[in-house]
Amino acid sequence: MKLLLRLTFLCLIFTGTVFAQKIIPKPVNTYRNPVIAGDFADPSVIRVGDTYYAAGTSSEWGPAYPIYTSKNLVDWEYLGPVFAELPSWTMGSYWAPELFYRNGTFFVYYTARRKSDKQSFIGVASTKDLKKGFTDHGLLLEWTKEAIDGFVVEDKGKLFLTWKAYGLDKGRGIEILGAELSDDGLKVIGKEFGLIKADANNWEDGGAEGQAIFKRGNYWYMLYSGNACCGENCNYQVGLARAEKLQGPWTKFSGNPVLISDGTWKCPGHGTVVTTPDNRYFYLHHAYNGTDFTYAGRQGVLSELVWDETSKWPSFRYGKTTPAQAESPLAASTKANEDLLISFDKNTQETSWVYDVSFPKPAYKIQNGLLEIENSNLTATGNFLGLVVKNGNYNFSAEIIPKDQVQQNITVYGDATNAIGYGVLKDKLTLWQIKDGVYSVVKTQEIAGKFETINLKLQSRFGRFYEFSWEGKGEKIDRQPLKIEGSWLPRWDRAPRVGINVSGNKSGNGEIRSVQLKYN
């Protein structure tokens, strides 16, 4: 009977892929993933004292690399971006920022695409105060045709940078390399050495990236990801390797992969390991939610590593245990899907808007109780201010003062050439789309009567089925919504954002009184 109860308990706790362990996990409180909801790929996490900090990929969105902070690894608060202003040498592909802390200084080793040749390399920035943002020190590593996923460790007082060599050079495969850094962490001074190479004939399918390296006992351990990271055909998985010396030789675990998709979370991978004050090991990584999938993006998921002290290999207790203080009754994050209501006559604080880095940053300001967006980028999507969507079922609305020269829209934005919008200009409403760069009008509606403000409304189901409608101020009319399907909106590496923009071929300002984002 005791054996049956024990097996039942293990079945309830373990999800995802695990392998046999002689471990009986202690009963602990639970939490639910995601711990950082919405599009937050390639998360890096560190602990400084009793506080955790996490940064993630922003891809083609500015400001670059969002940072969150937490006291318990479950409840996270947005702190701000790494870069409020984009580094001058970069133009996009803001991937995989890795945080590192040493001697009172925070560092970030980040991947970005260089303006001069559109190739991705690794830069470095630092700060004493995360709230003030980072000072960029520019390009750190240019490696052949492309290098990404920088990760730094300290070994016997020396710093080492590791990275993914992309394998774009003829005759070279994908591999993870390392080299010594200067003591200030700002220059590569050592000759490169190999850690692991990707295997094209197994679960890695020729890919190895997103390495998270840490020391436990006599071994260095590496969690790394392989296969296709992103999009509807992804098959991302996580493997383990270890070595007695950082320079190797490294041995891959015979039971790889150790973390794969299940019905709840798809394509897990690319994260960082952090230890709690009571010496538990957690892997903050990304995965797609099984319901919203690509439409909400790769979200921040927390999984615990548990150790077999005989073999010295860990396994995953995937997503069902509590981190940090065991005495805290932590459950699902209360901040995962918070609604957002901003009335600009009452709230003048900066909202965490994002924008497309392929355009100049939209010019906007809050004054006289209004959000004013300047029609400065004369394209259908060039003045977009967006919000990260936490899940696919939501209602979004914006109260707008109609203008005669500038069309004001609520918009679901994949990129500049793939978007859906619903806008008002004078006395006309337009539902439009840009698909593969082609703009088309789906439906127009005339506004009968004169209204001081128009409330543009969007209801989203599963992040892909959209219903647009409107109402004038003071109206009590139930109008039939306009329906459109947007399964083509997610880009390969990022989810759509929802927000507002102004458009038209004439200059002028849009005027928005309030916006609301409410999750269902």
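Were the residues from Asp117 through Lys426 laid out at 0.36 nm apart, the gain over their Cα-Cα distance would be 106.9 nm. For the set Lys115/Lys164; Lys346/Lys426; Lys132/Lys187, the pairs lying more than 25 angstrom apart at their alpha carbons are Lys346/Lys426. Normalised by the number of residues in the chain, the average gap of Cα pairs under 8 Å and 6 or more apart makes the relative contact order 14 percent. Against the chain, whose longest principal axis is taken from its Cα atoms, helix 2-13 shows a tilt of about 40°. Extension gain, Thr310-Asp50: 0.36 nm per intervening residue step, less the Cα-Cα distance, totals 90.5 nm. Surface analysis of region 391-520 yields an accessible area of 44 Å² per residue, using protein heavy atoms and a 1.4 Å probe. Residues whose amide H falls under 5 Å from that of Phe40, counting only those 5 or more places apart or on a different chain, are Arg298, Gln299, Gly300, with hydrogens built in the peptide plane. Show that you can apply the helix-only estimate: for the chain, add -39,500 (n - 2.57) for every DSSP H stretch of four or more residues, divide by all residues, and state [θ] at 222 nm to the nearest 500. Rounded to the nearest 500, it is -500 deg cm²/dmol.
Here the gap between Lys128 and Arg461, fully extended at 0.36 nm per residue and compared with their Cα-Cα distance, gives a gain of 115.6 nm. The lysine pair count for region 441-520, using Cα distances under 14 Å and pairs eight or more places apart or on different chains, is 5. In a DSSP loop and with at most 16 other Cβ atoms within 10 Å, the trypsin sites (Lys or Arg not before Pro) in region 410-470 are Lys426, Lys450. Each 10 Å bin from zero holds the following percent of Cα-Cα pairs in region 374-453: 16, 49, 31, 4. Take Arg216 and Lys365, extend 7 Å from each Cα along the Cα→Cβ direction, and tell me the distance between the two endpoints in nm. With each label placed 7 Å out from Cα toward Cβ, I get 5.5 nm.
Under the simplified labelling scheme, the Lys156-Thr251 pair shows an inter-label distance of 2.1 nm, with each label point 7 Å from Cα along Cα→Cβ. Only lysines eight or more places from Lys266 in sequence, or on another chain, were considered; those with a Cα closer than 22 Å are Lys320, Lys390. Computed from the C-alpha gyration tensor, the three semi-axes of the ellipsoid equivalent to the chain are 42, 26, 21 Å, from longest to shortest.
Scalar couplings 3J(HN,Hα) for region 57-66, obtained by applying the Karplus form with A = 6.51, B = -1.76, C = 1.60 to θ = phi - 60°, are 4, 10, 6, 9, 10, x, x, 7, 6, x Hz; x denotes Gly and Pro. May I ask for the percentage of alpha-carbon pairs in region 233-292 that lie more than 17 Å from each other? Here the long-distance tail beyond 17 Å is 55 percent of all Cα pairs in region 233-292.
Partners of Lys131 within straight-line reach, counting lysines whose Cα lies under 18 Å from its Cα and excluding those fewer than 8 residues away in the same chain: Lys71. Separation of region 335-406 and region 170-233, taken as the distance between their Cα centroids, equals 39 angstrom. With R₀ fixed at 22 Å, the C-beta to C-beta distance from Lys506 to Ala448 puts the FRET efficiency at about 0.30.
Sorting 273-279, 55-61, 32-38 by average packing, meaning the other beta carbons within 10 Å per residue, from highest down gives 55-61, 32-38, 273-279. In this simple spin-label model, placing a label point 7 Å from the Cα along the Cα-to-Cβ direction at both Leu186 and Asn520 gives a separation of 5.2 nm.
Candidate cross-link partners of Lys365 among the aspartates and glutamates, defined by an alpha-carbon separation under 13 Å and a same-chain spacing of 8 or more, comprise Asp345, Glu350, Glu374, Glu511.
Just so you know, the Cα atoms of region 85-239 work out to an Rg and Dmax of 15.6, 46 Å. The accessible area of Thr90, taken with all protein chains in place and a 1.4 Å probe, comes to roughly 10 Å².
The values are calculated or read from the model by the stated rules, or taken from the named source; none is laboratory data. All values reported here derive from a predicted model rather than from experimental measurement. So basically every Cβ, Gly included, is an ideal-geometry build from the backbone, and we count neighbours across all protein chains shown. SASA here: full protein model, heavy atoms, side chains in, ligands and nucleic acids out. Shrake-Rupley method; radii C 1.70, N 1.55, O 1.52, S 1.80 Å.
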